[in-house]
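All remarks here apply to the structure that follows.
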Amino acid sequence: MSTNVLRTTDGWWVVRGERAVAVDTKAITTAELLADRAAVSEAASSSEAGIPVADLVALSPVTTPCRVVAQMVNYRSHARDSGFKGDIPPAFFRKASGSISGPGEAIVRPAHVKFLDYEIELGLVMGAALRVGTVVEERDLPSYVAGLVITNDVSAREVQLTKTQFYESKSYPTFTPTGPYLALLEPEDFAHLLNLRLKLSVNGELRQDRTLADMIVRPAQALTLLARFQTLDAGDLLLTGTPGGTALKAPPKAVEKIGALLPPAVKWKAFFKSQAKNPHYLRQGDVVTATIATPDDRIDLGEQRTPVADAN
């Protein structure tokens, strides 16, 4: 069974039901904690009563700086929403590690961003180095992936689309809420990954709801493809794509064909004028709730609850 670890300003805690036991470790970074699994195991088996989890304020269990890499259009439902047909070539992009924030911190919308979108994603936390040229088979996943986290790949859509700029549009501070828990997996847990269900709601309204079975490129293949050109180290984070249900969706084909004939400035002005009528983009005061778990709770990454606020 997986072990849920929570991070606070005071250190690391193993979560056992509604209570948490402190991990006796000098680890500061995620990588250092992963190297001290014995201390985690000791806390998990301790007879201490611990303290209520509700009394702890969780930080992101993924410490910075670290590499943050993400997969693009990696769920069939998202591909349909985005207007893709046929085979979709695997693609990756980077996010700034400074975009990582805690599971209860506000998502802060920059003043120039009007179209703020959400994307729940399963995050893989590396437990060992992935070197260029590595081939990862399904049976090898436990050797490279230490655990899982909930992430939200928050996106400034007008920056992403008009500039074709993924790095900027997804890297503003607070644009990668992460946690609350780092679920450290046992080798046998990996057989249950496809049963993980991703759910995201805004103000109680369910927007995204899919299992990993909807994935196009699964974790082992993704790591193999990434290792063609990218090194990862323990503590680095791979976001594995989002299901359908985001605010942004491709326009109808007829509208898309007409738009292709227009100058870019005119096309985007018309597109975002229509998007302004879409009530699903995030606004100040909204609350985004995200969960990832298997039906039997063998793996349960907890609940991420993030308010949305405008920059001052």
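What the table shows:
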{"item": "Filter pass, Thr134 being open to solvent by 10 Å² or more (accessible area, probe 1.4 Å), hydroxyl-bearing (Ser, Thr, Tyr) and in contact with a Phe, Trp or Tyr (Cβ under 6 Å, 6 or more places away or on another chain)", "result": "no"}
{"item": "Condition check for Phe92: modelled with pLDDT under 95 and open to solvent by 30 Å² or more (accessible area, probe 1.4 Å)", "result": "no"}
{"item": "Given (1) more than 24 Å from Asp297 (Cβ to Cβ); (2) of a type in the set (Val, Ile, Thr); (3) open to solvent by 10 Å² or more (accessible area, probe 1.4 Å); (4) modelled with pLDDT of 95 or more, index of the condition Thr246 fails", "result": "(3)"}
{"item": "In segment 171-199, residue nearest to Ala146 (Cα to Cα) [restricted to those that are in a strand (DSSP E or B) and open to solvent by less than 70 Å² (accessible area, probe 1.4 Å)]", "result": "Leu184"}
{"item": "From Leu184, Leu198, Leu124, residue being among the hydrophobic types (A, V, I, L, M, F, W, C), more than 22 Å from Ala234 (Cα to Cα) and in contact with a strand residue (DSSP E or B) (Cβ under 8 Å, 6 or more places away or on another chain)", "result": "Leu198"}
{"item": "Pair list, Cβ < 7 Å and 6+ apart or interchain, from segment 278-294 residues that are farther than 16 Å from Gly123 by Cβ to residues that are part of a loop (DSSP other than H, G, I, E, B) and open to solvent by 40 Å² or more (accessible area, probe 1.4 Å)", "result": "Asp286/Asn203; Val287/Asn203"}
{"item": "Residue match in segment 60-81 (condition: among the basic types (Lys, Arg) and open to solvent by less than 20 Å² (accessible area, probe 1.4 Å))", "result": "no"}
{"item": "Hits in segment 147-168 (condition: surrounded by fewer than 23 Cβ atoms within 10 Å (Cβ to Cβ) and of a type in the set (A, V, I, L, M, F, W, C))", "result": "Val159, Leu161, Phe166"}
{"item": "Exclusive hit being closer than 30 Å to Lys163 by Cα and crowded, with 17+ Cβ neighbours inside 10 Å, set Val15, Val108", "result": "Val108"}
{"item": "Unmet requirement for Ser274, which otherwise passes all of (1) out of contact with any Lys or Arg (no Cβ under 8 Å at 6 or more places or on another chain); (2) modelled with pLDDT of 90 or more", "result": "(2)"}
{"item": "Yes/no for Val57 being farther than 12 Å from Pro177 by Cα and in contact with a helix residue (DSSP H, G or I) (Cβ under 8 Å, 6 or more places away or on another chain)", "result": "no"}
{"item": "Close pairs from segment 222-249: first on the phi > 0 side of the Ramachandran plot, partner of a type in the set (S, T, N, Q) and surrounded by 20 or more Cβ atoms within 10 Å (Cβ to Cβ), Cβ under 6 Å, at least 6 apart", "result": "Gly235/Thr30; Gly241/Gln71; Gly241/Asn74; Gly245/Gln208"}
{"item": "Condition check for Leu122: under 30 Å from Val14 (Cα atoms) and part of a strand (DSSP E or B)", "result": "yes"}
{"item": "Index of the failed condition, Gln160 passing every other in (1) polar (S, T, N, Q); (2) modelled with pLDDT of 95 or more; (3) more than 13 Å from the chain's Cα centre (by Cα); (4) not in a strand (DSSP E or B)", "result": "(2)"}
{"item": "Residue within segment 170-183 that is polar (S, T, N, Q) and without any contact (Cβ under 8 Å) to a residue 60 or more places away in the chain present", "result": "no"}
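The values are calculated or read from the model by the stated rules, or taken from the named source; none is laboratory data. As the structure is a computational prediction, the values presented were derived from the model and not from experiment. All Cβ positions, even for glycine, are placed from backbone atoms using ideal geometry, and neighbour counts span all protein chains on display. Each accessible area value is taken on the protein alone, full model and side chains, heavy atoms only, with ligands, DNA and RNA left out. Shrake-Rupley method; radii C 1.70, N 1.55, O 1.52, S 1.80 Å.
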